[in-house]
Every structure is written in C-alpha cells, then in structure tokens.
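Heads up: the structure comes next, in structure tokens.
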Amino acid sequence: MNKENAIEVRNMTKYFKVEYDKAHTLKERLLSFGKSNREVHTVLKNINLDIKKGETVCLIGTNGSGKSTLLKLMTKIIYPNEGTIETHGKLTSLLELGAGFHQDFTGRENIYFNAAVFGLTKAEIEKRVDDIIEFSELGEFIDNPVRTYSSGMYMRLAFSIAINVDAEILLIDEILAVGDQHFQDKCFDKLKELRDSDKTIVIVSHSLDTVKDLCTRAVWIYKGEFKLDGDPTYVIDEYLKQVKLDHKEEAKKKYQKPLDTYHGIVVVDIPQSFAEVKKDTAQFTISGWSLSDCLNDRLKVTFDDQEVTEMRKINRSDVLMAYQEKYGGYGTNDDECGFDYFVDVSQMELGEHSILVQLLDEKDKVISEKDLKINII
C-alpha cells in the first residue's frame, strides 16, 4: 500500500445474493419449476480508488448507486467479493444512527463503551469525557438510557464521540442530516476544523452545497460503477446533468399513455387579474411558470386574441422541486419552468383587455390554461 494513501480500493466488486421465498403450493412449484430462487445483485463493480491522507472526499450518487455500501466496505463491516480494500490509520465511522450503542446504557456509559471499542484506555477516556458531553449539548440527558433518546440526540452523542477518539480517518454517511440546524452547523464547523488539521474524511451527503463547501474532492458512483472523480463543483454539475437525463428517460417509460390523460398546470404570477397597467409602460410583462407530464408540451400566450411571441425562459428550480411530483415536469429542465412574455401596450386602447395563457400538448390540446383581464389606463 502506498504510504501517501489513507484508503486504497483495487478492482473491488461487491454483490449480494437475494433469496426468494420457496414455493409452498403445487401451483407455485409448477410456476417456479426450473427457476432458481436466488438472484445475484451486483452493487459495486470493479471499483478502483485512492484517497490520500488529509483529503476530504465526498461520495455522491443517487439512491441505490452503491456509495453507502462503499463506505461500509471501507469500515470492513462487510467485505468485497472480489478485489481488495486497505486502510492505513486509525479509523472511526458514523454510518447508522445509534449503531454500536447499548440501548440500556446511559449516554455517559456509552461514551466509555464506544471509546473503548475505538481503542482508548480508561485514563484517555476520562480526559475526554467532559469535552464529549459538552460538545453533545445533552446536558442532564447524558445520564438517561439512550433508548429514550430522539434521533437528533443519538446523532449528537455519536458525532461527539467520533470526533474525540483521535482517529486519522473519519467516515460519515448522511446522519448529519438528523437534528436541529444549530447542531448541524456546529458539526460542519468541526468537520472543517478536522479537514484543516489533515484528517482524512470520507462523507456521503445529498446536500450538494455542503459538499462544495466542505470537500476538496468528489467521487461520483453511478449505477455501481466509478463515473467521475475531481473538483467537487465540476463533478456535481456533471452529476446533475445525468440526473436530469435519467429523469427524462424514466418519464418516457412511465408516461406512455393516451393524449387525453396528460396533466399539468400553468400559473400566472404577474399580472393579477384586473390589474391596472399604465399605457406609457415601455414593456408589459406576463410572468409565471408551467409543468406537465407531456414531454413535448408548449406554451401559447395571447393578448386580445393576438399571439405573443417575444419571451424568455426563467430558471425556476424552486417550482420544479416543489411541484414536479404533483404536476409532472418530467420533460422540463430547471431553466425551462418559468417564463416571461413581453407585450408592447403603448399602442393599445385604454380599457379592459384579455390575456390567455395555455399549456398545450403535441396535438395542441389544452392541458391547462389561465385567463385574466387587465385594464390599461
């Protein structure tokens, strides 16, 4: 093993054998005749990875990509079927909330128990126990059994122990998403401190902004295989592009249905109905957003039955994240949700005018529409 590396992964493959229930009835036996009741599920395939001492690395990927399994393999909780994983240095991990805690022990007793597992002597634990309790902010609850703890209290205690056992390698899997914002911020400040003290940190997180802020390197695992490794901002941008592509492909499979069953929504934020618009306004703007499960939908905006063509797309990732499961949006990119349509009202007559915004499918059938009136004054 290279002495500069804290972790080395070589030609590593991990699979699990999935057992199905045995046939009990004659019918089940006939249907399953000649078929194996065991299936091999490959989670990680031919992974090669070096993590140098002092690096802070994030493993990113969608759920089921294999990143959490890779972290467990690094801890040697489980072992590869092929290849090798080697670590160099004292290692501690935060993988599953409450793992390693004795439920009937108090928080204080679990500090002694866990720290001993990490190799500290009783004298060394005694020197650290007050710091651990102080960082955890558990107060009087430290002497209660941990089975009475909330998930946030578990995380406080587990993290406080892990950062006080003088480990050279720290592995963390998403548990920092648990608990209140104050303590999460405190944990990330501590992780930055550990990063700057040349500890090796490997973290799995879905908080991509945190990854960019904390990590010096990102490794993308895609469908169980090594995809990309490098600068966090670049790797994350490429990862998000792939997520969008996969999302659209899934939508194509999922939404193969008759045209009259499309559903979606169009919302006009500006103007409100019966709003007053001054005639000397240089440019009147119709703003809003739309989502649907039609991959080839389009917007049509008319002002007094005249179609408006001057427009621009607006980034509305907030809308896409909040409403895509309800209204679709499977064919929509972040920068295509919102819209601005521009109307020159300087030549319009005073009085009431009509606006119609329609979301149409590929056959120009209406999926959703919004009509409103304005008054030019």
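The values are calculated or read from the model by the stated rules, or taken from the named source; none is laboratory data. As the structure is a prediction and not an experimental result, all values here were calculated from the model. So basically every Cβ, Gly included, is an ideal-geometry build from the backbone, and we count neighbours across all protein chains shown.
Before moving on, here are some points about what is shown:
- Taken as a whole, segment 151-163 holds no residue that is part of a loop (DSSP other than H, G, I, E, B) and at pLDDT 90 or above.
- Some residue of segment 109-119 being in a loop (DSSP other than H, G, I, E, B), over 25 Å from Val202 (Cβ atoms) and either over 29 Å from the mean Cα position of the chain (by Cα) or modelled with pLDDT of 95 or more (or both): no
- Candidate set: segment 173-198, residues that are assigned to a loop (DSSP other than H, G, I, E, B), over 19 Å from Leu70 (Cβ atoms) and not small (Gly, Ala, Ser); chosen: the one modelled with the lowest pLDDT: Val178
- Residue within segment 293-303 that is outside any strand (DSSP E or B), farther than 21 Å from Lys244 by Cα and not polar (S, T, N, Q) present: no
- Inter-residue pairs, beta-carbon under 7 Å, first in contact (Cβ under 8 Å) with a residue 24 or more places away in the chain and surrounded by fewer than 16 Cβ atoms within 10 Å (Cβ to Cβ) and in segment 275-303, second polar (S, T, N, Q) and outside any strand (DSSP E or B), 6+ apart: Lys279/Ser346; Asp280/Ser346
- The residue pairs whose first member lies in segment 107-129 and is free of Cβ contacts under 8 Å to residues at least 12 places away in the same chain and on the phi < 0 side of the Ramachandran plot, whose second member is of a type outside the set (A, V, I, L, M, F, W, C) and assigned to a helix (DSSP H, G or I), and whose beta carbons are closer than 8 Å, counting only pairs six or more residues apart or on different chains, are Ala116/Lys122; Lys122/Tyr112.
- Selection within segment 244-274 - among the aliphatic types (A, V, I, L, M), surrounded by 12 or more Cβ atoms within 10 Å (Cβ to Cβ) and modelled with pLDDT of 80 or more: Ile265, Val266, Val267, Val268
- When each of Gly100, Gly83, Gly119 is tested for being out of contact with any Lys or Arg (no Cβ under 6 Å at 6 or more places or on another chain), of a type outside the set (Lys, Arg) and surrounded by 13 or more Cβ atoms within 10 Å (Cβ to Cβ), the lone residue that passes is Gly100.
- Residue match in segment 205-213 (condition: outside any loop (DSSP other than H, G, I, E, B), surrounded by 14 or more Cβ atoms within 10 Å (Cβ to Cβ) and in contact (Cβ under 8 Å) with a residue 60 or more places away in the chain): yes
- Pair list, Cβ < 8 Å and 6+ apart or interchain, from segment 348-359 residues that are of a type in the set (Gly, Ala, Ser) to residues that are part of a loop (DSSP other than H, G, I, E, B): Ser354/Asp304; Ser354/Asp305
- Taken as a whole, the structure leaves Ala167 outside the set of residues that are in the same structural domain as Leu73 (by TED's automatic domain parsing), within 28 Å of Gly66 (Cα to Cα) and within 26 Å of the chain's Cα centre (by Cα).
- Any hit, segment 58-78, residues being assigned to a loop (DSSP other than H, G, I, E, B), of a type in the set (A, V, I, L, M) and at pLDDT below 70: no
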